[in-house]
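Novice: My questions all concern the structure below.
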Amino acid sequence: MTTPFTPKASARDVVDGIDLTGRRAVVTGGSTGLGAETVRALHSAGAEVTIATRRPRSADALLQELSSEHQAARVRVEALDLSDLASVRSFVRAWSGPLDILVANAGILALPERTLSPAGWELQLATNYLGHFALAVGLHGALREAGSSRVVVVSSGAHRDSPFDFEDPQYERRQYDPWGAYGQSKSADVLFTVGARRWMRDGITANSANPGYILTRLQRHVDDDTMRAFGVMDSEGKLTPLPYYKTPEQGAATSVLLATSPLLKDVTGCYFEDNQEARTVRADDEEPGGVAEHALDPGSADRLWDYGMRAIGDI
């Protein structure tokens, strides 16, 4: 499918004219970066937004900003550590009432050393995929109660080079690779939305988004030499985005589109980038962009769903 929005459209552009009054949304990692822009856009359209973040005080500035607008009570902050299933469980059990929009935005990138979550999962996979999967499963009843709800999962173009390794997903036997681990977690994110087709009967759709290249706190674990090699840091340590990089508000647009646009009604299990549904690419395709075949495979999606369900237990 196609939409009228360009790659440079902002989150406010795609939500313009949409009324979310009475709708409830959760945005993980919603205190800064893409998450904050997603919160701003949903809030501006009238939604009641819960910012779910590991460090609630990090949302103070955003709360202060939104408190100057009308109906500031429509935004609140709750603690959530996606890498810790106990924290996810606490968030889920504290939630009451329907949920119209869940934006799985939070993430970590390229941890230099293999690090494990409390449950023993490689931390990028635990945070980027498993925590969000557990959150969505735990809130399934609330999403169903809304009658027509949407799950949006922020993935990355990095998924193309890293299929999910069912034989060794936690890097217990293969050598740990920071970028490979990140890419695998983002493949898992896309597969999660494909597996969520089983929720269509409950009025729940799920799609994934590639926000594009943006400089945010996501790169905080990447060393300066690597940032310079990417061409986005000068010799004095100043960040210098390349011409094709987006602003955070532009990067959040695809997530907001998937969360709100009437054009996406009943669309599920798809991957979007630059505000359009992405083309499917093979492993040997050298053109940038697109979604890899391995990330859309229904068999792999069902296998990962079962794997995830075993991992989260009684959420």
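The values are calculated or read from the model by the stated rules, or taken from the named source; none is laboratory data. What you see is a predicted model; the values in this text were computed from it and never measured. All Cβ positions, glycine included, derive from the backbone under ideal geometry; neighbour counts span all protein chains shown. Ligands, DNA and RNA are excluded from the accessible area calculation, which covers all protein heavy atoms including side chains. Shrake-Rupley method; radii C 1.70, N 1.55, O 1.52, S 1.80 Å.
Novice: Residue 150 is checked against (1) touching a residue at least 40 places away in the same chain (Cβ under 8 Å); (2) open to solvent by less than 20 Å² (accessible area, probe 1.4 Å) and fails just one. What number does that condition carry?
Specialist: (2)
Novice: Which condition number does residue 214 fail, the rest of (1) open to solvent by 20 Å² or more (accessible area, probe 1.4 Å); (2) at pLDDT below 95; (3) not polar (S, T, N, Q) being met?
Specialist: Checking residue 214 against (1) open to solvent by 20 Å² or more (accessible area, probe 1.4 Å); (2) at pLDDT below 95; (3) not polar (S, T, N, Q), the one that fails is (1).
Novice: Looking only at region 121-141, count how many residues are part of a helix (DSSP H, G or I), open to solvent by 10 Å² or more (accessible area, probe 1.4 Å) and touching a residue at least 12 places away in the same chain (Cβ under 8 Å).
Specialist: Residues that pass the stated criteria total 5.
Novice: Within region 96-120, track down each residue that is farther than 18 Å from residue 179 by Cβ, in contact (Cβ under 8 Å) with a residue 40 or more places away in the chain and buried (at least 20 other Cβ atoms within 10 Å of the Cβ).
Specialist: Selection gives 99, 100, 101, 102, 103, 104, 105, 106.
Novice: For region 22-58, enumerate the residues that are over 26 Å from residue 128 (Cβ atoms) and out of contact with any strand residue (DSSP E or B) (no Cβ under 9 Å at 6 or more places or on another chain).
Specialist: Result: 44, 45, 46.
Novice: Right, something else. Could you check residue 68 against (1) part of a helix (DSSP H, G or I); (2) open to solvent by 60 Å² or more (accessible area, probe 1.4 Å) and say which number it fails?
Specialist: Going through the list (1) part of a helix (DSSP H, G or I); (2) open to solvent by 60 Å² or more (accessible area, probe 1.4 Å), residue 68 breaks only (1).
Novice: Mind telling me which of the residues 52, 25, 36 ends up being in contact (Cβ under 8 Å) with a residue 12 or more places away in the chain, in a helix (DSSP H, G or I) and open to solvent by less than 20 Å² (accessible area, probe 1.4 Å)? I'd like the intermediate steps shown before the answer.
Specialist: Numbers: 52 fails: in a helix (DSSP H, G or I); 25 fails: in a helix (DSSP H, G or I).
Exactly one residue qualifies, and that residue is 36.
Novice: Return a yes/no flag: does region 74-95 have any residue that is assigned to a loop (DSSP other than H, G, I, E, B), β-branched (Val, Ile, Thr), surrounded by 17 or more Cβ atoms within 10 Å (Cβ to Cβ) and in contact with a helix residue (DSSP H, G or I) (Cβ under 9 Å, 6 or more places away or on another chain).
Specialist: No, because not a single residue in region 74-95 is assigned to a loop (DSSP other than H, G, I, E, B), β-branched (Val, Ile, Thr), surrounded by 17 or more Cβ atoms within 10 Å (Cβ to Cβ) and in contact with a helix residue (DSSP H, G or I) (Cβ under 9 Å, 6 or more places away or on another chain).
Novice: Filter the helices (runs of 4 or more DSSP H) completely within region 253-315 down to those with at least 3 residues that are open to solvent by less than 30 Å² (accessible area, probe 1.4 Å) and either farther than 28 Å from residue 85 by Cβ or modelled with pLDDT of 95 or more (or both).
Specialist: Counting at least 3 such residues, we get 253-260, 298-312.
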